[in-house]
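What follows is one structure encoded as structure tokens, with my remarks underneath.
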Amino acid sequence: MKRALLFGILSAVFVFPTIAQTLDPCGTVPHRSEWLANFQKRGIDLSQRSVDFRIAINAHQVGNDQGSLFDYGLILESLAALERDFDSTGIGFVVNLPFDTLRSTQYNSHDDVLEGADMMFENNKPDALNIYYVSNPAGNCGYNLPYAGIAMANQCSGFSQKTIAHEVGHALSLPHPFLGWEGGQTDDGSTPAVYTSPAPRNVTYDYTYFQSTLVRDTLIIDTAIVELVARTNCRDAADGFCDTPADYLATRWTCATNNESGQTQMDPDGQIFRSDGTLIMGYSDDNCQSRFTDEQKVAMEAFAQAERPSWIRTTFDTNLVRGVSDLILDADGFTLTTEELTFTPVENATHYFVEVSERRSFSSLLLETVVTSPVLALPSSIFEENENYYIKIYAFNDHSFLAGRSSIMDFTVLQGVSSTQTASVSKLSISPNPVSAGASVQVPFRKDIERVHWYDSRGAIVAEQAYLNNTSVEVPANFATGVYNLMLLSRDGDRYLARVQVIR
Ligand SMILES: [Zn+2]
């Protein structure tokens, strides 16, 4: 089988526990752009949804200068979360593979969005939405710079999280539903929000770095009209959408019953209300957020077509990767050579992210790599004979990331077989299985078979027998309960393998 190592072995790697930082939900203060205000002013026609299209993404893995690690799996999970959360919008994504890599301690943990802007200006690829995965994007889970791209915190990029969908929403023109409250009632944060008395009619906010172009030397303050519960001012207030209700909560909050905030607020007319926690563009916690509104969907589509046409792909492959549960290692998961391990291909997958550990917990990784065919090289510099290894495999292509990882499988590099031996390995059908120690298993008759080897679960030979030219092999009576590997060896070096569960 042809072996194609796209990214090569990424080297033997170890996972260090990440120190959880407390990050703000989002650093974006998206002033309602002139484009969006005009679009909303014309009236939003919900029937205007057009054809499905994809947005091109260029993902950047950012690490420290020296010997730092990239968390490839985390980006796959993040892209899967994005695919899931945009499913109802008609907007899909196509990601340039492989991901870009960038080693820079300074950018990996940057203190302010200006540094992030420098990182993006230096490394952006054209004609795509550029997303940078870093350890600390200026103290936030993420932010979007309209003129440059998105920075995502690794710790906010898991499959269960909504930050990536939220930031891509910003990149496609959506403001927060609480636009204007990001600094409390005033742009400098000097007047905190007060929810027990009527809100002011207007709040001011600082969007210096969040315009359509970067202006470094001028403070830019704008005024937002505060949205009324009655929504009589919904086109002019806050985010300008009339299907996102009033919301003044600009710090992370936890959903109470009915997916609403426990915190009540009071609008300028004295109406008391709670915030809707289902909105992805709000600040409720991740497990409460679930949707974009219809007006938001239409706006994102129109914005992309009008303002970001170079990101749009209209012809694309629609094949989805699913069924990763069918993925199994060939030869029952053990291998005879130190050269390679093969597994069943997953339909429509063009790439496999493979993680190998000596521990079932994967608390440390021995190897992670991406391959473009279902073959994993097993260099003897990393894999030792007689050792048992655990493996999980994430199958994907450039637009389909939801298949996720396979179950954890294991394999053993068997004893006494050097990489110079090119013997073929076939899977052996046997019965019964499980089988009692001292009983016999039935095997297909092959007249060229000479010997029988039994391996224990660690790959060591524990019994050798002559093959008696019949159709059964006796399980040694002294075998303890457990899993064994049965191998029949032919004169020509062919090998037939089965995994046998021995019971007492
Ligand atoms: Zn945001």
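The values are calculated or read from the model by the stated rules, or taken from the named source; none is laboratory data. Predicted model, so just to flag it, every value in this text is computed and none were measured. Please note: Cβ atoms are built from the backbone with ideal geometry, for glycine as well, and neighbour counts cover all protein chains shown.
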*Any pair with Cβ under 6 angstrom, 6 or more apart, that starts in segment 142-156 at a residue that is free of Cβ contacts under 8 Å to residues at least 60 places away in the same chain and over 14 Å from M119 (Cβ atoms) and ends at one that is within 12 Å of the ligand (Cβ to nearest atom) and among the hydrophobic types (A, V, I, L, M, F, W, C)*: none
*In segment 87-99, is there at least one residue being among the small types (G, A, S), touching a His at 6+ places or on another chain (Cβ under 7 Å) and within 16 Å of the ligand (Cβ to nearest atom)?*
no
*Hey, Q21 surrounded by fewer than 18 Cβ atoms within 10 Å (Cβ to Cβ), at pLDDT 50 or above and away from the ligand (no atom under 16 Å from the Cβ) or not*: yes
*asked:* If a residue counts only when it is away from the ligand (no atom under 12 Å from the Cβ) and touching a Pro at 6+ places or on another chain (Cβ under 8 Å), which strands (runs of 3 or more DSSP E) contained entirely in segment 137-230 have at least 1 such residues?
replied: 149-153, 182-185
*How many of the residues making up segment 280-308 are touching a Lys or Arg at 6+ places or on another chain (Cβ under 7 Å), surrounded by 21 or more Cβ atoms within 10 Å (Cβ to Cβ) and closer than 20 Å to Y195 by Cβ?*
1
_Filter segment 121-136 down to the residues that are closer than 13 Å to E77 by Cβ and within 16 Å of the ligand (Cβ to nearest atom) and list them by number._
none
*Within segment 387-405, is even one residue modelled with pLDDT under 90 and either in a loop (DSSP other than H, G, I, E, B) or of a type in the set (A, V, I, L, M, F, W, C) (or both)?*
yes
*Restricting attention to segment 139-152, does a residue exist that is out of contact with any strand residue (DSSP E or B) (no Cβ under 9 Å at 6 or more places or on another chain), surrounded by fewer than 23 Cβ atoms within 10 Å (Cβ to Cβ) and either modelled with pLDDT of 95 or more or among the hydroxyl-bearing types (S, T, Y) (or both)?*
yes
*Only one residue in A463, A498 is within 20 Å of L414 (Cα to Cα), touching a Lys or Arg at 6+ places or on another chain (Cβ under 8 Å) and of a type in the set (A, V, I, L, M). Which one?*
A498
*List, please: which pairs have Cβ atoms under 6 Å, are six or more places apart or on different chains, and start with a residue in segment 391-406 that is free of Cβ contacts under 8 Å to residues at least 40 places away in the same chain and end with one that is among the acidic types (D, E)?*
K392/E355
*Is segment 37-50 home to any residue that is touching a Leu at 6+ places or on another chain (Cβ under 9 Å), among the hydrophobic types (A, V, I, L, M, F, W, C) and either over 15 Å from Y133 (Cβ atoms) or at pLDDT below 95 (or both)?*
no
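Taking strands (runs of 3 or more DSSP E) that fall entirely within segment 259-377, which contain at least 1 residues that are in contact (Cβ under 8 Å) with a residue 12 or more places away in the chain and of a type in the set (K, R)?
272-276
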